[in-house]
Amino acid sequence: MRLIENWFSERYSENLQLSFRVMDQLLSVKTDFQRIDVFETYDFGKLLSIDGTVQLTEKDEFVYHEMITRVPYFMASRKPRSALIIGGGDGGAAREFLKLGLERITNVEIDSQVVEVSRKFFPSLASSFSDSRVTLIIGDGAEFLKENRDKFDIIIVDSTDPVGPAEVLFHKEFYNSVKKALSKDGIIVTQSGSPFYQPNGLKLAYNGMKEVFRNVSVYTAFIPTYPSGFWSFTMGSDSPLSARGDEVDPGKYFNARVLEGAFSLPQFVYELISG
Ligand code: AG3
């Protein structure tokens, strides 16, 4: 007879949480920046949590990582060759950019422990850091951009929620330094939270980008283990944002129809960003 059941829960509010029944807790470590936990869940494989919020699970990470990389890749007016990832210490975004054939990927992660944990528990993501096309830098992304002289075709912000250490990554000042690091026709994408539970995160990203880039668009994806399952990404560029028209290689979530449809926003999301 099983007397004790173990659950990991992400709290959305006083009154709501999402719980995963877990077989085991594989790790819990407090770093200089945050608390990192890894669980073996019953339904979603291994789960990585930072400060109690789900960052990824083995079962559904493909949605987030395909959508944060392939959408900007196919929207760029010229075929992208280089990318900068701010955050992304698990290696999932770098893995996807490698699949797309990018030649130069720089990944700046603030917390070395995220990389270590991922190397140990999520090797299918973190192995991308062993590829010679990927340069991993442990440091503050905002600081990195202040010093940086390189240009990138795509810059993505694969951060935690826009509260706490990641908040600076959603402000106009940060987007200004992103702009300087983008090549001509370059594109930035940031994850911008759940439009339903975190409307202010999305507004922050959208309004911040609007002040800096000529064109800003929001797109969404279905990510089962994130709050509400309905997730937003915000994209900015000084060039027009429309699909390049290259033949689109489908992923596991991404395909040509998703590329088009992801930009069709429900009315409440549309009103959030136009208000
Ligand atoms: N980074 C964005 C995760 C945000 C999830 N928020 C939450 N569960 N409240 C994902 C990192 C994957 N590379």
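Across segment 44-54, what is the number of residues that are within 11 Å of the ligand (Cβ to nearest atom) and farther than 26 Å from S132 by Cα? Walk me through it before giving the result.
We begin by selecting, within segment 44-54, every residue within 11 Å of the ligand (Cβ to nearest atom); these are 47-54.
From what's left, farther than 26 Å from S132 by Cα: 47, 49-54.
The qualifying residues number 7.
Residues in segment 69-95 that are within 8 Å of the ligand (Cβ to nearest atom) and of a type in the set (A, V, I, L, M, F, W, C): A93 only.
Residue check: is V248 over 14 Å from the mean Cα position of the chain (by Cα), of a type in the set (V, I, T) and surrounded by fewer than 18 Cβ atoms within 10 Å (Cβ to Cβ)? So V248 does not fit the description; no. Among the residues of segment 126-133, is any within 16 Å of the chain's Cα centre (by Cα) and more than 24 Å from F44 (Cα to Cα)? No, segment 126-133 contains no residue that is within 16 Å of the chain's Cα centre (by Cα) and more than 24 Å from F44 (Cα to Cα).
Among residues belonging to segment 1-43 that are part of a loop (DSSP other than H, G, I, E, B) and within 15 Å of the ligand (Cβ to nearest atom), point out the one that is surrounded by the most Cβ atoms within 10 Å (Cβ to Cβ).
Taking segment 1-43 and keeping what is part of a loop (DSSP other than H, G, I, E, B), we get 1-6, 14-15, 31-34, 42-43.
From what's left, within 15 Å of the ligand (Cβ to nearest atom): 33-34.
Values: F33: 18, Q34: 20.
So, considering only residues that are part of a loop (DSSP other than H, G, I, E, B) and within 15 Å of the ligand (Cβ to nearest atom), the one surrounded by the most Cβ atoms within 10 Å (Cβ to Cβ) is Q34.
Quick check on my filter: what residues within segment 46-81 are touching a helix residue (DSSP H, G or I) at 6+ places or on another chain (Cβ under 9 Å) and part of a loop (DSSP other than H, G, I, E, B)?
Quick first cut of segment 46-81, residues touching a helix residue (DSSP H, G or I) at 6+ places or on another chain (Cβ under 9 Å) only: 46, 48, 50-51, 55-56, 58, 61-62, 64-71, 73-75, 79-80.
Passing the criteria: D51, E58, K79, P80.
When the residues of segment 238-257 are narrowed to those that are under 17 Å from R70 (Cα atoms) and without any contact (Cβ under 8 Å) to a residue 60 or more places away in the chain, which ends up farthest from the ligand (Cβ to nearest atom)? Selected residue: G245.
Do we have V218 as out of contact with any Ser or Thr (no Cβ under 7 Å at 6 or more places or on another chain), of a type outside the set (K, R) and at pLDDT 95 or above here?
Details: out of contact with any Ser or Thr (no Cβ under 7 Å at 6 or more places or on another chain): no; of a type outside the set (K, R): yes; at pLDDT 95 or above: yes.
No, not satisfied.
Listed residues S239, S264; which is out of contact with any strand residue (DSSP E or B) (no Cβ under 7 Å at 6 or more places or on another chain), modelled with pLDDT of 95 or more, farther than 22 Å from G87 by Cβ and in a loop (DSSP other than H, G, I, E, B)?
Being out of contact with any strand residue (DSSP E or B) (no Cβ under 7 Å at 6 or more places or on another chain), modelled with pLDDT of 95 or more, farther than 22 Å from G87 by Cβ and in a loop (DSSP other than H, G, I, E, B) holds for just one of S239, S264, which is S264.
The values are calculated or read from the model by the stated rules, or taken from the named source; none is laboratory data. Just so we're clear, the structure is a prediction, and the values are computed from it rather than from any experiment. Please note: Cβ atoms are built from the backbone with ideal geometry, for glycine as well, and neighbour counts cover all protein chains shown.
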